[in-house]
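Here's the structure, in structure tokens; my notes come after.
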Amino acid sequence: MEQRHLGRTGLRVSRIGLGTLTWGRDTDEHDAADMLKTFWEAGGTLVDTADVYGDGEAEYLLGRLMDGLVPRRDLVISTKAGSVPDPERRVDSSRGHLLAALDASLARLGTDHVDLWQIHAFDPGTPLEETLHALDLAVGSGRARYVGVADFCGWQLAKAATWQLAAPGRTPLAGTQLEYSLLQRGAEREVLPAALDLGVGLLPSSPLGRGVLTGKYRHTTPADSRGASEHLAPFVEPYLDDTASHIVDAVTTAADGLAVTPLQVALAWVRDRPGVAAPVVGARNAQQLTAALSVEALSLPDEICRALDDVSAPVHRYPDHDWSTL
């Protein structure tokens, strides 16, 4: 699998990442092991997790699988901290919480460092410079090699990245992670321009539109799908409207014309967008993951990309475009 630099750093990652959102909850150890081995054998390196996935079970499971199944040195482990299961305060990016969370993540993963450590969300209750200082401490202590953020909007990312570049000794942000697909192009409004300007690589989550872009929901909801899952159905439902259906139809038409699958078309489109380092794919089993990894050999023709751009184009007007053109 092709390797890409994450932003303007020396960190190289496979251009498809493996997500572990459901590990330790919906995905058992057997299926997780099959997926990790399949991913590694295909040349994949970037494995993305978080301290809250499965209440820590995803990290714990990944740590067990690295103890004998796949060499730790062959993987780029990314984890996140800052989200907390507290309805009164869903984000805690204070320095104390973050550093304690990192230590707990390392213990569950069974490693002395992570390759990429990300702040899981912006915390309006903590000064941003305090949050970013935790990143510097993590790198300075060797517990994290590179750092980034997740689910920051444009001004938040720009402020954080600029702060880190403003003084010697601060660690530049390597990456930012947020949802990006043909069904969710909000990142293009401000986040992507900021990331490109500041040298931050984008790691798209849900690059298949929460599974909808595979076409599996065109006529019904499969019984074994996330859309039929009690706790994941609300996650899928927003992308089952008429607008999404129109885009999925276009993806399916393109796939038919290229003799490939809708999954391959949708994933190739987001993988090759400017500023994207590696879409992070979550699969239910090794068979699904193999289907996603098969996109490695596909590059979409320019005319197909333009057609998909047009059919899925978000409405971004003033002030994103010059007022005189409106």
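The values are calculated or read from the model by the stated rules, or taken from the named source; none is laboratory data. These numbers were taken from a predicted model, which means no experiment stands behind them. No Cβ is skipped: glycine too gets one built from the backbone with ideal geometry, and neighbour counts run over all protein chains shown. For accessibility, only protein heavy atoms count, side chains too; no ligands or nucleic acids. Shrake-Rupley method; radii C 1.70, N 1.55, O 1.52, S 1.80 Å.
The table below gives the values:
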read-out: Estimated dipole of the stretch 209-318 in Debye, rounded to 20 [Cβ of Lys and Arg +1, of Asp and Glu -1, Cα centre]; value: 260 debye
read-out: Residue-level accessible surface for Asp249, protein heavy atoms, 1.4 Å, Å²; value: 60 Å²
read-out: Gyration tensor over alpha-carbon atoms, the stretch 5-110, equivalent ellipsoid semi-axes in Å; value: 24, 17, 12
read-out: Cross-link reach list, lysines versus Lys216, counting only Cα pairs under 29 Å and skipping chain neighbours closer than eight places; value: Lys37
read-out: Cut-off 12 Å between beta-carbons: net charge of the residues surrounding Ala187, Lys and Arg +1, Asp and Glu -1; value: -1
read-out: Contour excess over end-to-end distance, with Cα ends at Ser294 and Asp136 and 0.36 nm allotted per residue; value: 53.1 nm
read-out: The stretch 126-263 - percent of accessible surface contributed by carbon and sulfur, probe 1.4 Å; value: 54 percent
read-out: For Glu190, solvent-accessible area (1.4 Å; no DNA, RNA or ligand), Å²; value: 100 Å²
read-out: Positive-end residue, the chain charge dipole about Cα centroid, Cβ charges, pick of Ala138, Leu98, Ala277; value: Ala138
read-out: Extension reserve of the Asp249-Ala107 stretch, reckoned as 0.36 nm per residue once the Cα distance is removed; value: 46.6 nm
read-out: The chain: relative contact order in percent, alpha carbon pairs under 8 Å with at least 6 residues between; value: 18 percent
read-out: Prolate/oblate/rounded call for the stretch 70-198, Cα gyration tensor, a/c under 1.5 rounded; value: rounded
read-out: Peptides 204-215, 30-41 ordered by average Cβ neighbours within 10 Å, highest first; value: 204-215, 30-41
read-out: Cβ-based net charge around Leu69, under 12 Å, with every Lys or Arg adding one and every Asp or Glu removing one; value: -2
read-out: Residues of the chain: accessible area per residue with a 1.4 Å probe, Å²; value: 44 Å²
read-out: Cβ-defined net charge surrounding Ala50, 12 Å radius [Lys, Arg +1; Asp, Glu -1]; value: -4
read-out: Mean separation of Cα contacts under 8 Å (6+ apart) over length of the stretch 175-326, as relative contact order %; value: 28 percent
read-out: Listed residues Tyr318, Tyr180 arranged by accessible area, highest first, probe 1.4 Å; value: Tyr318, Tyr180
read-out: The chain - share of DSSP beta bridges that are antiparallel (%, nearest 5); value: 15 percent
read-out: Accessible area in the full protein assembly, largest first, 1.4 Å probe, for His120, His5; value: His5, His120
read-out: Rounded to the nearest 20 debye, dipole of the chain from Cβ charges on Lys, Arg, Asp, Glu; value: 640 debye
